[in-house]
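All remarks here apply to the structure that follows.
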Amino acid sequence: MRPLIAGNWKMNGDWRSARDLAEALRAAAPGLDAALLVCPPFLHVQPVAAALLGSPVAVGGQDCHARNSGAHTGDIAAPMLRDAGATHVILGHSERRADHAESSAQVRAKTEAALAAGLTPVVCVGETEAERLAGEHEAVVGRQLEESLPLGFITSGGIVAYEPVWAIGTGRTPTEDDIAAMHRFMRHALVNSWGPTAQITRLLYGGSVKPSNAAAILALPDVDGALVGGASLVAADFLAIARAVPQE
Ligand code: PEP
């Protein structure tokens, strides 16, 4: 499976920086072994998608509403993302679970909406530091997978991102053994619940991935790519991560 390197730009940048990033990725993407996805803030989804039209770089949103329309001030519906040129959407990021008190049930409803709109969901799961220290990380992630993924997720090519909350934006990462163990656990959990099709579900690792640690992380079994926050805002760093994918 071609590894996927996904950039989560979060609430950063302006149109000029988004355009510059998109242009740098557009120029480099054809020579890469990795598939690329960028997820700009909502306002920049459409112009970034236009700037990347015809290039292999995919564009995604960072969230969507569970409904297709209605009285939901400030929200964005999945069909609107699709209409703006997005093909993917990140759902259940820990910052949304924390900042907006999103439950796994809500993440599941949003994921259903994304699938219905023809978007590929990238559903994030991951434990807090307290949960890892208490040895509850597998139970927490197992429960999030069970509660967040709707019917059709696996067969539609949905993507799961393991993002330990304590590793996001902190410069800290789990050990390679711990990342590999969690990805093995997730693979088994998905195959147990959804059957053998889940053998090819893409499992991304996210949390302080940077050029210096990317090669080691991306070489781990059952790590099919990375979800990158901070380092995705610097084209050279994001491309260095993409170039660190293992050679087939
Ligand atoms: C993220 O927020 O999805 C993320 C992985 O952030 P960072 O790479 O900055 O830790």
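The values are calculated or read from the model by the stated rules, or taken from the named source; none is laboratory data. On a predicted model such as this, the values are computed, not experimentally measured, just so you know. Positions of Cβ are generated from backbone atoms using ideal geometry, with glycine treated the same way; all protein chains shown enter the neighbour counts. Heavy atoms of the whole protein, side chains included, go into the accessibility calculation; ligands, DNA and RNA do not. Shrake-Rupley method; radii C 1.70, N 1.55, O 1.52, S 1.80 Å.
Of note:
- Computed as a quarter of the hull surface, the mean projected area of the alpha carbon convex hull for the chain stands at 12.2 nm².
- What the range 101-248 shows is 41 Å² of accessible area per residue, with the surface traced by a 1.4 Å probe over protein heavy atoms.
- Take each peptide in 13-23, 148-158, count the other Cβ atoms within 10 Å of every residue, and average; sorted highest first, the result is 148-158, 13-23.
- Expressed as a whole percent, the accessible surface of the chain that belongs to carbon and sulfur atoms is 52, based on a 1.4 Å probe.
- Highest mean first, the peptides 134-147, 82-95, 114-127 sorted by other C-beta atoms within 10 Å per residue fall in the order 114-127, 82-95, 134-147.
- Electrostatic dipole magnitude of the range 42-119 [Cβ: Lys, Arg +1; Asp, Glu -1; Cα centre; debye, to 20]: 140 debye
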